[in-house]
1. Just one of the numbered conditions (1) out of contact with any helix residue (DSSP H, G or I) (no Cβ under 8 Å at 6 or more places or on another chain); (2) without any contact (Cβ under 8 Å) to a residue 12 or more places away in the chain; (3) within 16 Å of residue 117 (Cα to Cα) is not true of residue 69; which one?
2. Quick check on residue 110: is it closer than 23 Å to residue 5 by Cβ and without any contact (Cβ under 8 Å) to a residue 12 or more places away in the chain?
3. Residues in the stretch 30-64 that are buried (at least 19 other Cβ atoms within 10 Å of the Cβ) and under 17 Å from residue 117 (Cβ atoms): how many?
4. Determine, yes or no, whether residue 135 is under 16 Å from residue 25 (Cβ atoms) and at pLDDT below 95.
5. Does residue 38 satisfy the condition of being in a helix (DSSP H, G or I), in contact (Cβ under 8 Å) with a residue 12 or more places away in the chain and out of contact with any helix residue (DSSP H, G or I) (no Cβ under 7 Å at 6 or more places or on another chain)?
6. So, of the residues in the stretch 73-84 that are in contact with a helix residue (DSSP H, G or I) (Cβ under 8 Å, 6 or more places away or on another chain) and farther than 10 Å from residue 105 by Cα, which turns out to be surrounded by the most Cβ atoms within 10 Å (Cβ to Cβ)?
7. So, in the stretch 9-29, of the ones that are in a loop (DSSP other than H, G, I, E, B) and modelled with pLDDT of 90 or more, which residue ends up surrounded by the fewest Cβ atoms within 10 Å (Cβ to Cβ)?
8. How many of the residues in the stretch 87-114 are in a loop (DSSP other than H, G, I, E, B) and touching a helix residue (DSSP H, G or I) at 6+ places or on another chain (Cβ under 6 Å)?
């Protein structure tokens, strides 16, 4: 990942998020992954959208931080190594287990439900951003338009 100044994410979290996004959107182009992670980082640095949060779900900053830690914990519990070192099939399996709530490291998920993290922006927004980006509807410099467009779309 090119050196990008993150507003909220720590470098290790940004790299993990890049690996997750790569699996979710089945795209390994650095330009796309950097774009999506930068957008998610900007979203996390802002309080916009917090009023739409489901009751009982932690604020998005906490949800992401705990969820990303949970992904790493699941990777270690299932395969003995970090998420980025797993094969593509193993990464998909870790994310599938999280999305169904069938996790091995229940302690890592004690403060956030794995399904809530799965349904969070991490799992849904990155697909939407990539669809818009890949379709050429916007350019990287027009990234400020993305939140407005996503609010109109129905949930996956």
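The values are calculated or read from the model by the stated rules, or taken from the named source; none is laboratory data. If you're wondering where the values come from, they're calculated on a predicted model, not measured in any experiment. FYI the Cβ positions are ideal-geometry reconstructions off the backbone, even for glycines, and counts take in every protein chain you see.
1. (2)
2. Values: closer than 23 Å to residue 5 by Cβ: no; without any contact (Cβ under 8 Å) to a residue 12 or more places away in the chain: yes.
Criteria not met by residue 110.
3. Result for the stretch 30-64: 9.
4. On the way: under 16 Å from residue 25 (Cβ atoms): yes; at pLDDT below 95: yes.
It is true that residue 135 is under 16 Å from residue 25 (Cβ atoms) and at pLDDT below 95.
5. On the way: in a helix (DSSP H, G or I): yes; in contact (Cβ under 8 Å) with a residue 12 or more places away in the chain: yes; out of contact with any helix residue (DSSP H, G or I) (no Cβ under 7 Å at 6 or more places or on another chain): yes.
For residue 38, the condition - in a helix (DSSP H, G or I), in contact (Cβ under 8 Å) with a residue 12 or more places away in the chain and out of contact with any helix residue (DSSP H, G or I) (no Cβ under 7 Å at 6 or more places or on another chain) - is met.
6. If we filter the stretch 73-84 for residues that are in contact with a helix residue (DSSP H, G or I) (Cβ under 8 Å, 6 or more places away or on another chain), which is where we start, we get 74-75, 78-79, 81-84.
Subset that is farther than 10 Å from residue 105 by Cα: 79, 81-84.
Values: 79: 16, 81: 12, 82: 15, 83: 22, 84: 15.
Only one residue fits best here, namely 83.
7. Restricting attention to the stretch 9-29, the residues satisfying the condition of being in a loop (DSSP other than H, G, I, E, B) are 9-10, 26-29.
Still in the running and modelled with pLDDT of 90 or more: 9-10.
Details: 9: 24, 10: 11.
The qualifying residue surrounded by the fewest Cβ atoms within 10 Å (Cβ to Cβ) is 10.
8. The initial filter retains those residues of the stretch 87-114 that are in a loop (DSSP other than H, G, I, E, B), namely 87, 101-113.
Checking the rest, the ones that are also touching a helix residue (DSSP H, G or I) at 6+ places or on another chain (Cβ under 6 Å) come to 101, 103-105, 108-109, 111-112.
Total meeting the criteria: 8.
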